[in-house]
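What follows is a set of notes on a single structure, which appears directly below.
The values are calculated or read from the model by the stated rules, or taken from the named source; none is laboratory data. Quick caveat, the model's predicted, so the values are computed rather than measured. Cβ placement follows ideal geometry from the backbone for every residue including glycine, while neighbour counts extend to all protein chains displayed.
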Amino acid sequence: MTVTKKIDIKAGKPYRVKIGKGLLDKAGEEAKALGLDGKALIISDDNVAALYLEKVSSSLKEAGFEVFSFVIPHGESSKSAENLLAILEFAAENAFSRTDTFFALGGGVVGDLCGFAAAVYMRGTNFVQLPTTLLAAVDSSVGGKTAIDLEAGKNLAGAFYQPKLVLCDTATFDTLPDEEFSNGMAEVIKYGMFCDGGFLDILTESNTDIEEIVARCVAIKARVVEADEFDKGERMFLNFGHTVAHAVENLSGYTTPHGSAVAIGMAAITKAAIALGKCESKTFDILVELLKKYRLPFECPYGIDEVYNVTLKDKKNAHGKITLVIPAGKGESVLQKCDYDELKDIITLGLK
């Protein structure tokens with residue numbers, strides 16, 4: 001095991017993110033060091049379970065845990081109320097208590113679902129994130145947002161619930177399909193776009209260290225979450241590109257991966273910002289260059305009205321307004337509250 005980075009998240013309930021190779025082999029040891037014991041429920045999907053379930057299960061057993069597992073089909077459609085209830089029933093049938101621990105082994109779908117289950121089971125049980133995708137490592141495993149999707153849209157039911165620990169085993173990235181790695185890079189690029197122009201320069205280099213990339217993203221997210229744990233102000237910057245992205249995912253029936261949708265959303269909002277005179281055109285050029293480098297899309301396949309109608313159901317809507325993250329330059333952005341007419345205008349400028 002090689003732990004190269006450790007980042008502490010100073011949320012309401014502080015915890016540590018560890019980044020390095022071989023961490024899944026030590027999952028049990030790391031959990032036990034935090035004082036966790038008793039029963040462990042590993043929640044994973046069928047793709048990830050085939051690769052890593054036995055490794056994590058063995059580690060937990062060696063540390064003295066009684067281990068159970070619950071495997072869901074891979075894909076966004078599994079982030080459902082049906083699976084949430086099935087996990088809760090499974091935990092209850094196996095007499096899990098509030099002192100036992102749920103382990104999320106997988107990408108963002110698994111992490112969101114497992115975290116929400118942990119948040120509501122007996123009003124809160126222990127929860128550990130074991131992200132196995134780049135996207136989950138840099139984004140969804142950190143910060144405590146958990147959720148399931150409803151038919152009307154993505155992440156419309158959920159809770160803020162922080163994990164006890166996050167172990168990012170970067171060795172798992174070696175088994176990612178190219179498309180899945182690219183999806184993670186969309187969220188990586190997002191961090192540079194909204195607040196760190198220097199990071200964008202690093203991402204243009206050819207031999208960037210993946211552990212350094214993850215650590216830089218997590219450090220940015222840590223600062224944002226510490227300042228605004230419950231998404232009422234500064235944390236909204238993390239939604240750069242996401243309003244259009246969630247609409248794209250919804251319109252595709254969730255066949256468009258999250259990262260690809262975020263790439264499209266970032267391009268659209270940046271294009272609109274340029275049309276409104278809020279940032280220079282070179283900002284769009286920098287973004288598109290990076291999206292092309294990591295084989296990500298930047299053109300929306302859906303019409304203006306289609307996207308607009310779905311955004312009206314976005315969870316960020318409040319009192320007839322929605323807050324958008326508007327780029328103001330390379331590594332700079334501002335929050336702008338828009339009424340629905342303004343939102344329609346921005347979507348039109350971004351997609352035409």
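Scan the stretch 187-201 and give yes if some residue there is more than 22 Å from Thr283 (Cβ to Cβ) and either assigned to a helix (DSSP H, G or I) or of a type in the set (A, V, I, L, M, F, W, C) (or both), otherwise no. No - not one qualifying residue is present in the stretch 187-201. For the stretch 18-40, the tally of residues that are under 12 Å from Thr99 (Cα atoms), out of contact with any Leu (no Cβ under 9 Å at 6 or more places or on another chain) and in contact (Cβ under 8 Å) with a residue 24 or more places away in the chain stands at 3. The numbered conditions (1) without any contact (Cβ under 8 Å) to a residue 40 or more places away in the chain; (2) buried (at least 18 other Cβ atoms within 10 Å of the Cβ); (3) within 18 Å of the chain's Cα centre (by Cα) are all true for Phe237 except (1). Highlighted here are the helices (runs of 4 or more DSSP H) found entirely within the stretch 248-352 that include at least 2 residues which are farther than 18 Å from Met185 by Cα and either among the aromatic types (Phe, Trp, Tyr) or in contact (Cβ under 8 Å) with a residue 12 or more places away in the chain (or both): 258-275, 304-311, 340-351. Note on the stretch 142-165: residues that are of a type in the set (Ser, Thr, Tyr) and either touching a Ser or Thr at 6+ places or on another chain (Cβ under 6 Å) or in contact (Cβ under 8 Å) with a residue 60 or more places away in the chain (or both) total 1.
Among the candidates Ser69, Ser77, single out the residue that is closer than 29 Å to Thr256 by Cα, surrounded by 14 or more Cβ atoms within 10 Å (Cβ to Cβ), touching a residue at least 40 places away in the same chain (Cβ under 8 Å) and not assigned by TED's automatic domain parsing to the domain that holds Val218.
Numbers: Ser69 fails: touching a residue at least 40 places away in the same chain (Cβ under 8 Å).
The unique qualifying residue is Ser77.
Please verify whether Ala40 is surrounded by fewer than 17 Cβ atoms within 10 Å (Cβ to Cβ), assigned by TED's automatic domain parsing to the domain that holds Asn155, modelled with pLDDT of 95 or more and of a type in the set (A, V, I, L, M), treating the condition exactly as stated. Criteria not met by Ala40. Filtering the stretch 256-266 down to residues that are of a type in the set (Gly, Ala, Ser) and in contact with a Gly (Cβ under 8 Å, 6 or more places away or on another chain), which residue is surrounded by the most Cβ atoms within 10 Å (Cβ to Cβ)? Here the residue is Ala263.
Results for (1) acidic (Asp, Glu); (2) within 17 Å of Val244 (Cβ to Cβ); (3) surrounded by fewer than 20 Cβ atoms within 10 Å (Cβ to Cβ), shown as yes or no for each residue.
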{"site": "Leu287", "(1), (2), (3)": "no, yes, no"}
{"site": "Leu290", "(1), (2), (3)": "no, no, no"}
{"site": "Arg295", "(1), (2), (3)": "no, no, yes"}
{"site": "Phe298", "(1), (2), (3)": "no, yes, yes"}
{"site": "Tyr302", "(1), (2), (3)": "no, yes, yes"}
{"site": "Val307", "(1), (2), (3)": "no, yes, no"}
{"site": "Leu312", "(1), (2), (3)": "no, yes, yes"}
{"site": "Asn317", "(1), (2), (3)": "no, yes, yes"}
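Identify, from the list Cys168, Cys195, Cys217, the residue that is outside the structural domain of Ala272 (by TED's automatic domain parsing) and either in contact (Cβ under 8 Å) with a residue 40 or more places away in the chain or surrounded by fewer than 17 Cβ atoms within 10 Å (Cβ to Cβ) (or both). Full working, then the answer.
On the way: Cys195 fails: outside the structural domain of Ala272 (by TED's automatic domain parsing); Cys217 fails: outside the structural domain of Ala272 (by TED's automatic domain parsing).
After applying the criteria, what remains is Cys168.
Do you know which residues across the stretch 106-148 are outside any helix (DSSP H, G or I), of a type outside the set (Gly, Ala, Ser) and farther than 15 Å from Lys164 by Cβ?
First, the residues of the stretch 106-148 that are outside any helix (DSSP H, G or I): 106-107, 124-133, 141-148.
Adding the requirement that they be of a type outside the set (Gly, Ala, Ser) leaves 125-133, 142, 145-146, 148.
Once the filter is applied, which keeps residues that are outside any helix (DSSP H, G or I), of a type outside the set (Gly, Ala, Ser) and farther than 15 Å from Lys164 by Cβ, the stretch 106-148 yields Thr132, Thr133, Lys145, Ile148.
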